[in-house]
Amino acid sequence: MTAQTGAGRTNQKQRTRTAIVTAARELMGTGTEVTMPAIARAALVSEATAYRYFPDLPSLISEALAGVWPPPAEALAPVADSADPVERTAYACEFLLRGILARQGSVRAMIAATITRPQTVTTRPGIRFGLIDHALLPLEDTLGATDPDAFTQLKRDLAVVVSAEALFTLTDLCGLGPDEAVSSAVRTASTLTEAAVRSTA
C-alpha cells in the first residue's frame, strides 16, 4: 500500500467520523429523539459504520456536544461583575436548563443510555459542575474557608437541582410547562444558596 493510498484512507475515515458527528449535532439541534440509527441515516452511513467509530450513543453525543456549550466563565459573563452568589447561581441554573430544553432530545438519550449502561456514565459531560463552581466563586473565601464541608454539600445540593433530571421531573412528572419548570428550579437553587450565605453571616 502506498503512502498516498494510506493517506486517502485516513482522510476518508476522518470525513466519515466528521459526517457522523455533524449529523448528531444537527439532529440534537432539532429537539427530536436522538438515536444511533437516526444519526447514521442523517450521516448517510450504516448503523454498523457509526458503531465502528463510536462504541455507544453517549460517547457520540459527548463528542458532538464538545464546543457546543461555552466554558463557565463565558456562560456566566452577564453576571461576571456580581459578587452575589445567589444571583450568580440563579443565572447559572437558568442558563443550563434553557440549554437543556434546546437540546433535550440528546440529553434524554444520554440519560437513558447511561441508566441502562452505567459504565458509560463517565462519558456524560459534567457541564453543571463547572457552572456551579464558577457561580459560587464569591463563597470560596467565606463558606469555602470556614466550613469546607458545608461548601461541598451546597455544591452537591445544587447539582441535584441544576440538572436535566430535575428539569424533566418538573416537566414530565409534575406537569409544569418549560418556563414554569425553569422558574421552579431557579427558585430552589436560589433558596439553597441563600441559606448557605446566611449561615456565613
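One table, with the values for the structure above:
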| quantity | calculated |
| --- | --- |
| Count - residues of region 45-67 that are of a type in the set (Val, Ile, Thr) and open to solvent by 50 Å² or more (accessible area, probe 1.4 Å) | 0 |
| Any hit, region 131-151, residues being assigned to a helix (DSSP H, G or I), more than 29 Å from residue 59 (Cα to Cα), within 18 Å of the chain's Cα centre (by Cα) and at pLDDT 95 or above | no |
| Given (1) of a type outside the set (A, V, I, L, M); (2) surrounded by 19 or more Cβ atoms within 10 Å (Cβ to Cβ); (3) farther than 22 Å from residue 171 by Cβ; (4) out of contact with any Ser or Thr (no Cβ under 8 Å at 6 or more places or on another chain), number of the condition residue 95 does not satisfy | (3) |
| Among (1) closer than 19 Å to residue 99 by Cβ; (2) open to solvent by 40 Å² or more (accessible area, probe 1.4 Å); (3) in contact with an Asp or Glu (Cβ under 9 Å, 6 or more places away or on another chain) - the single one residue 42 does not satisfy | (1) |
| Subset of region 69-96 (residues that are closer than 20 Å to residue 197 by Cβ, in a loop (DSSP other than H, G, I, E, B) and either of a type outside the set (Asp, Glu) or in contact with a His (Cβ under 7 Å, 6 or more places away or on another chain) (or both)) | 76, 80, 82, 83 |
| Region 145-194, subset farther than 21 Å from residue 127 by Cα and small (Gly, Ala, Ser), residue surrounded by the most Cβ atoms within 10 Å (Cβ to Cβ) | 150 |
| Odd one out for residue 28, checked against (1) modelled with pLDDT of 90 or more; (2) open to solvent by less than 80 Å² (accessible area, probe 1.4 Å) | (1) |
| Residues of region 23-56 that turn out to be without any contact (Cβ under 8 Å) to a residue 24 or more places away in the chain and assigned to a helix (DSSP H, G or I), as a count | 12 |
| Close pairs (9 angstrom Cβ cut-off, 6 or more residues apart or separate chains): in contact (Cβ under 8 Å) with a residue 24 or more places away in the chain in region 132-147, surrounded by fewer than 18 Cβ atoms within 10 Å (Cβ to Cβ) and of a type in the set (Ser, Thr, Tyr) anywhere | 138/82; 139/200; 142/200; 143/199; 143/200; 146/200; 147/199; 147/200 |
| Hey, residue 108 touching a Ser or Thr at 6+ places or on another chain (Cβ under 7 Å) and either touching a residue at least 60 places away in the same chain (Cβ under 8 Å) or assigned to a helix (DSSP H, G or I) (or both) or not | no |
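The values are calculated or read from the model by the stated rules, or taken from the named source; none is laboratory data. What you see is a predicted model; the values in this text were computed from it and never measured. Please note: Cβ atoms are built from the backbone with ideal geometry, for glycine as well, and neighbour counts cover all protein chains shown. Surface areas here come from the heavy atoms of the whole protein model, side chains and all, with no ligands, DNA or RNA. Shrake-Rupley method; radii C 1.70, N 1.55, O 1.52, S 1.80 Å.
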